[in-house]
Amino acid sequence: MTEEVITLYQAIGGDHTVRTLTHRFYELMDTLPDAKHVRAVHPPSLEGSEEKFYEYLTGYFGGPPLYTDKRGHPRLRSRHLVATIGPIERDEWLFCFRRALDETIASEKLREIIWTPVERLAFHMQNNE
């Protein structure tokens, strides 16, 4: 007997949830005064950033590899070196992501599974004190 294995992507609700999460994340970043520093390191329009993050998270969560199919290896740290990411920007990014995550993923367990590596990634992306 074989057990069916589902991906995190499937467990959270697939494409709709990833789209909702990324949209809410950038909506918060664009509107919250508590995110002004992280917002400032992004382009005037967040549309391109939102699409890339959606593509990245889709593959990261175990869905189709949209980002790598379109853009190759993510090379996240090197691609973000153009932006100064210090503790303030990192923490504001995490604040927006945590809030978007809490608003879009109903399961506390799934939020925990997502949060730990995302938080670690945010610290890795910091390139300035």
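The values are calculated or read from the model by the stated rules, or taken from the named source; none is laboratory data. Model, not experiment: these values are computed from the prediction. In this analysis, Cβ positions are derived from the backbone assuming ideal geometry, glycine residues included, and neighbour counts consider all displayed protein chains. SASA here: full protein model, heavy atoms, side chains in, ligands and nucleic acids out. Shrake-Rupley method; radii C 1.70, N 1.55, O 1.52, S 1.80 Å.
In the stretch 2-51, which GluC sites (Glu not before Pro) are in a loop and have at most 10 other Cβ atoms within 10 Å, using DSSP for the loop call? It would help to have the intermediate numbers written out before the result.
Numbers: sites: Glu3, Glu4, Glu27, Glu47, Glu50, Glu51; in loops: Glu3, Glu4.
Of the GluC sites (Glu not before Pro), the ones in loops of the stretch 2-51 whose Cβ has at most 10 other Cβ atoms within 10 Å are Glu3, Glu4.
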Under 22 Å from the Cα of Lys52 - lysines, other chains or at least 8 residues apart: Lys36, Lys70
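What's the local net charge at Ile12, with K and R +1, D and E -1, over the other residues with C-beta under 12 Å away?
Working: positive: Arg19, Lys109, Arg111; negative: Asp15.
Here the count lands on +2.
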Under 11 Å, Cβ to Cβ, from Leu66 - net charge with Lys/Arg +1 and Asp/Glu -1: -1
Spin-label proximity, Ser49 to the stretch 73-94 - amide N less than 19 Å from point 7 Å beyond Cα toward beta carbon: 74-94
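Suppose the chain between Phe95 and Glu27 were pulled fully straight at 0.36 nm per residue; how much longer would it get relative to their current alpha carbon spacing?
Working: separation 68, 0.36 × 68 = 24.48 nm, distance 1.26 nm.
Additional length available on full extension: 23.2 nm.
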Separation in nanometres of the label points that stand 7 Å from Cα toward Cβ, at Leu81 and Leu121: 2.0 nm
Compactness relative to 2.2 N^0.38 Å, alpha carbon Rg of the chain: 1.06
Loop-located trypsin sites (Lys or Arg not before Pro) in the stretch 35-129, at most 15 other Cβ atoms within 10 Å (DSSP): Arg75
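Counting only protein heavy atoms and a 1.4 Å probe, tell me what percentage of the chain's accessible area is made up of carbon and sulfur.
Working: 4230 of 7740 Å².
Here it works out to 55 percent.
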